[in-house]
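Reviewing the structure listed below.
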Amino acid sequence: MINAHCPLLGFVAFSGTGKTTLLQQLIPLLKQEGLNIGMIKHAHHHFDIDIPGKDSYELRKAGADQVLVASQKRWALITETPDSDVDPDLQQMVNALEQPRLDLILVEGFKHVSFPKIELHRPSLNQPLLFPDDKDIIAIATDTALPVETTLPVLDLNNPESFFIFIHEQLLK
């Protein structure tokens, strides 16, 4: 199980289910309550947050293994891991956050890691459910009736407020 100094909650589903869309709607609701939110997103592909032509990009491409870009309003650390052939370690990613500044850590993805998760499921996508085989799923969100019975809480996938209420009741009491 992943260790964190504040509540940690994952959102897992097959690609195209709407994890990012939901989180884009949920995070502002949590911020309205004055909560400081940490966010970790798993990417299954190469990605780049830096812009070609900018100094930080050029310095990284010149061979810097880590580049920290800082301004008055934000900072970002870019770490190269060219020799890695495995997914990032979620515990290491959680440890990289400034946890004392956070009230809640949300995680998108990392569905094969043991930590509390909400499964998002759209039966119209014809993907299997994850919860029967994943003991760490604490709730299911769907846009229609589930094809199987469950004792887990079922949330409305199209209603971010239902997630907000669930998080407050289950994690932030």
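One line per residue, one yes/no per condition, for (1) in contact with an Asp or Glu (Cβ under 8 Å, 6 or more places away or on another chain); (2) aliphatic (A, V, I, L, M); (3) more than 28 Å from Leu35 (Cβ to Cβ):
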| residue | (1), (2), (3) |
| --- | --- |
| Lys73 | no, no, no |
| Ser84 | no, no, yes |
| Asp103 | no, no, no |
| Arg122 | yes, no, no |
| Pro132 | no, no, yes |
| Val154 | no, yes, no |
| Asn158 | yes, no, no |
| Phe166 | no, no, no |
* Qualifying residue in region 54-69 (condition: under 22 Å from Phe164 (Cα atoms) and of a type in the set (Val, Ile, Thr)) -> no
* **Criterion violated by Asp48 - all others in (1) within 28 Å of Arg101 (Cα to Cα); (2) exposed (fewer than 11 other Cβ atoms within 10 Å of the Cβ); (3) touching a residue at least 60 places away in the same chain (Cβ under 8 Å) satisfied** => (3)
* Residue check, Thr151 among the hydroxyl-bearing types (Ser, Thr, Tyr) and either in contact (Cβ under 8 Å) with a residue 60 or more places away in the chain or within 29 Å of His46 (Cβ to Cβ) (or both) -> no
* Asked: Is it the case that Gly53 is in the same structural domain as Leu130 (by TED's automatic domain parsing), part of a loop (DSSP other than H, G, I, E, B) and surrounded by fewer than 10 Cβ atoms within 10 Å (Cβ to Cβ)?
  -> no
* To do: Return the total of residues in region 118-151 being within 26 Å of Val94 (Cα to Cα) and surrounded by 13 or more Cβ atoms within 10 Å (Cβ to Cβ).
  => 13
* To do: Need at least 1 residues that are within 20 Å of the chain's Cα centre (by Cα) and of a type in the set (Val, Ile, Thr) per element, so show me which strands (runs of 3 or more DSSP E) inside region 63-173 make the cut, counting only ones lying wholly within it.
  => 75-79, 104-108, 117-121, 137-142, 154-156
* Matching option when the condition is within 18 Å of Phe115 (Cα to Cα), in contact (Cβ under 8 Å) with a residue 40 or more places away in the chain and surrounded by fewer than 16 Cβ atoms within 10 Å (Cβ to Cβ), among Asn36, Asn3 -> Asn3
* **Only listed residue being in contact with a His (Cβ under 7 Å, 6 or more places away or on another chain) and surrounded by 13 or more Cβ atoms within 10 Å (Cβ to Cβ), chosen from Phe110, Phe115, Phe166** => Phe110
* Per-region count, region 152-163, residues over 13 Å from Leu30 (Cα atoms) and buried (at least 16 other Cβ atoms within 10 Å of the Cβ) -> 2
* Structure fact -> Residue set Val69, Val94; condition over 21 Å from Glu169 (Cβ atoms), assigned by TED's automatic domain parsing to the domain that holds Ile165 and of a type outside the set (Gly, Ala, Ser); output residue Val94
* **Residues being at pLDDT 90 or above and of a type in the set (Lys, Arg) - total across region 17-71** => 3
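The values are calculated or read from the model by the stated rules, or taken from the named source; none is laboratory data. Since the model is a prediction, treat every value here as computed from it, not as a measurement. Reconstructed Cβ throughout: ideal geometry from the backbone, glycine too, with neighbour counts over all protein chains shown.
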